[in-house]
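Trainee: Let me give you the structure first, and then I'll get to my questions.
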Amino acid sequence: HVMLNASGDPALFPPTEHVFGGFGGTQGTVGDSMMKFAIEELGASKVSYIASDDDYGLANYAAAKAVADAAGVELVSFDRIPNQISDVTPTMVRVFEARPDVIISAAYPQGAVLIAQATSLPSTKTGSARTMSGRWVPPPS
C-alpha cells in the first residue's frame, strides 16, 4: 500500500501522511528492516523491490528476500537501477504490472526521487497501490 524508501531525502521530506522515514544501517539491516516493516506494519503479502545496481543493492535485497521468504511474502518484482538513473519508466511499468501491495525502494537519492515522482500519479483506489504521499498508483492498462 505504500512506498518505503532507504534513501533520497527529497523523496521523504517534507513529511506527508504515508512517509515512514528512511531506514539507516548496514546493507543487511536496511533490507531486513524495510521488509519487516512492510510485513508487520503494513500487512504486505506482495512486494516489489527496487534496489541500486551495486553490491549495496544486492545485499539489501538478499536480506529483504530472506525475511519475505520466511514470512511467506511474495516478491512480485525485483529491479536493479543505476545510481545515476534519469528515467525509471521501464522499471515502474514492471512494478505496476506486478501489482504489489508495497513498493520498497533501496535506491540512492536520484533514483529514489524519480520513483517517488513516478508513484505520485492521481488515480482511483481500485487495483492500485498507495504511495508514501497518499496518492494512488494506477494499475496497468
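Trainee: Which residue, of Asp69, Asp79, is of a type in the set (D, E, K, R), outside any loop (DSSP other than H, G, I, E, B), at pLDDT 85 or above and surrounded by fewer than 18 Cβ atoms within 10 Å (Cβ to Cβ)?
Mentor: Asp69
Trainee: Kindly provide the set of residues from segment 54-94 that are closer than 13 Å to Ser105 by Cα and of a type in the set (D, E, K, R), ordered by number.
Mentor: The answer is Asp79, Arg80.
Trainee: If you go through segment 45-58 one residue at a time, how many are over 12 Å from the mean Cα position of the chain (by Cα) and surrounded by 18 or more Cβ atoms within 10 Å (Cβ to Cβ)?
Mentor: Residues flagged as over 12 Å from the mean Cα position of the chain (by Cα) and surrounded by 18 or more Cβ atoms within 10 Å (Cβ to Cβ) within segment 45-58 amount to 2.
The values are calculated or read from the model by the stated rules, or taken from the named source; none is laboratory data. Keep in mind that what you see is a predicted model, and the values were worked out from it rather than measured. With ideal geometry, Cβ positions are generated from the backbone for all residues, glycine too; neighbour counts draw on all protein chains shown.
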